[in-house]
Structures are given as structure tokens and as C-alpha cells.
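Below is one structure, written out as C-alpha cells; the observations come after it.
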Amino acid sequence: MLRTTVAAAALLSFGSVAHATSISIQTFTIADFNSLTSSAVIEDFEDQSTLTGLFENGANVDGTGGTTEGEIQGVLGTSVGTFTTIGPIGNGSTCGALDLNGDNCTNIALQEDPGQNGQGNLVPAAGDWSINSNDTLGVIWQAALAGGTFFDSLVFAIQDAADAGAKKLAVSADGVTETFDNLGNGNESIVVVSFGTAVNAATVNIETSANDGFTIDGAAISPVPLPASSLLLIGGMAALAGVARRRKNKKA
């Protein structure tokens, strides 16, 4: 059974329909993750050939350039959207292991197990790859599916966040922020963001209060059919276009 430890909600407006966005953190197990994402598009970062972008040293992240792990240059493209850093420059033992140019760290990194400092793969259980905040202040996920497919929730697994001293982790989406702390060293958790309505894009900020290393894996988006309100709008626009054509033909 899933155990929700923290939750927040806010009423927002989508057209004329009110909806609530909520953010919660839950205990991680593979079984719990699988139950949450049974119908979702899941990015586990295991198939590098489907990823787009460059490593810091200029090699393609798809593994064809001889580099398979390390800091990303710019944006990492995936099946569930793009990932980049909140910034600023990070430095520390995690960054030291994943920095490819020897100039500290200015972005997230693609990481292969064995993990750095208790950070590494979570999904699938026997997998190897994840993305690391790389001792910066966090990760920005621009969530989206191919073709603008609508979705109503997203999920990701996170490891070793907000685990020491005054470190906190703030997850923000759709104007709602939930802050987590005292999660324990090497903690493994699932974060669930529910929008309460269908959207086709969302920005999720995963921000730590101090330069820190944590990993994100199993980023998943649950697609839903196009909202009925959108279908009505499309139908109405098509009807108006038909009326306009008929009027034009009569004038001719």
C-alpha cells in the first residue's frame, strides 16, 4: 500500500473549470512505482539511443561519441520532455566524478551505476542509468509528450535528496510548491504531481536549498484523452469555418 507522507493542494482555473494541483511524496518501492505508472510513458534513461543532446565534452548523449556518462551541455531531450539545471555552479565529490572538462559543474549529468555517494539507478530495479543534479541547485523538467498528447499527472523517483543538515528539497509545479526535508541519507522516494485536469505541458522545478547531488529516475507521464472542452472548442471552430465557407460561396 502506498503511504503518502506530505501533500499540498491549490485551487486553480483552467478555462471555466476549477481544478486542484497537488504534490506528494511517497515511500519508494518498485511495486508502488509500477502501480502508479502502469499506463504511463516512462523514461528510465536506460536506452541512450533515444536521448538527445550533448555531453559537456561535445560527444552525443546517444553513446555514439565514445562518452556514456558525465555532465550535460545544454538540454537533455527524452521521451517525456527535457531536463536541465536550475544552476548555479556546483562543486563537490559528485560533481568531481561527473565533470568532463575539469571546470566545476554548470549542469545536470547522465550517470551510470555504480552510483556516486549513494545516488544512482532506481528504475528499473536491475537498471544502470539515471540523471544527477550534479551538485547544482536542482533540476528543471519541462514535461511533455510527443505530438502534444495531454496528461493529468506525472511521477518520478528520487534518491538521496534533502538528506543532511539544513538541506531542503522544494518541488514546484503549476503554482504549487511542496518542501521536503529530513528524508535520511540515501533516501528513495516517489514524487507524484497531479494536475486535476488535462494539460499538454508542465514545468516542474526540483530545487535543493544547498548545492547537492541527488538522482532522478523513472520519470513518467500518464496520458489522457483530449479534454471534452477542447473537443467542443475544435468542433465549434470547424462549424464556424463551415458557415464562413457557405457565405463566401453564396456571394460568389
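The values are calculated or read from the model by the stated rules, or taken from the named source; none is laboratory data. This one's a predicted model, so the numbers in the text were calculated from it and none came from an experiment. Here the Cβ is made from the backbone with ideal geometry for all residues, glycine too, and neighbour counts use every protein chain on show.
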>> I'm trying to understand the selection: among the residues of segment 85-133, which are at negative phi, among the small types (Gly, Ala, Ser) and without any contact (Cβ under 8 Å) to a residue 12 or more places away in the chain?
In response: GLY96, ALA126
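The rows are residues; the columns are (1) under 18 Å from LEU51 (Cα atoms); (2) β-branched (Val, Ile, Thr); (3) surrounded by 20 or more Cβ atoms within 10 Å (Cβ to Cβ).
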{"residue": "CYS95", "(1), (2), (3)": "no, no, yes"}
{"residue": "ILE108", "(1), (2), (3)": "yes, yes, yes"}
{"residue": "ASP152", "(1), (2), (3)": "no, no, no"}
{"residue": "ALA170", "(1), (2), (3)": "no, no, no"}
> Which residues, counting only those in segment 39-54, are of a type in the set (S, T, N, Q) and outside any strand (DSSP E or B)?
Replying inline: SER39, GLN48, SER49, THR50
> Only one residue in THR50, THR68, THR94, THR64 is within 23 Å of ALA170 (Cα to Cα) and of a type outside the set (D, E, K, R), so which one is that?
Replying inline: THR94
> Pairs, please: C-beta under 6 Å, at least 6 apart or cross-chain, first residue without any contact (Cβ under 8 Å) to a residue 12 or more places away in the chain and in segment 168-181, second buried (at least 17 other Cβ atoms within 10 Å of the Cβ) and hydrophobic (A, V, I, L, M, F, W, C)?
Replying inline: THR179/ALA170
>> What's the number of the only condition in (1) assigned to a strand (DSSP E or B); (2) out of contact with any strand residue (DSSP E or B) (no Cβ under 6 Å at 6 or more places or on another chain) that ASP103 fails to meet?
In response: (1)
> Restricting attention to segment 208-229, which residues are touching a residue at least 24 places away in the same chain (Cβ under 8 Å) and farther than 21 Å from TRP129 by Cα?
Replying inline: THR208, SER209, ALA210, ASN211, SER222, PRO223, VAL224, PRO225, LEU226, PRO227, SER229
> Among (1) at pLDDT 90 or above; (2) in contact with a Cys (Cβ under 9 Å, 6 or more places away or on another chain); (3) not polar (S, T, N, Q), where does PHE150 come up short?
Replying inline: (2)
> What about THR136, is it among the hydroxyl-bearing types (Ser, Thr, Tyr) and farther than 28 Å from ALA31 by Cβ?
Replying inline: yes
> Which one is nearest to GLY63 (Cα to Cα) among residues in segment 114-133 that are touching a Phe, Trp or Tyr at 6+ places or on another chain (Cβ under 9 Å) and part of a strand (DSSP E or B)?
Replying inline: TRP129
> Is it true that ALA162 is under 14 Å from the mean Cα position of the chain (by Cα) and either under 23 Å from GLU188 (Cα atoms) or of a type in the set (Gly, Ala, Ser) (or both)?
Replying inline: no
> Out of (1) surrounded by fewer than 16 Cβ atoms within 10 Å (Cβ to Cβ); (2) at positive phi, the odd one out for GLY70 is which?
Replying inline: (1)
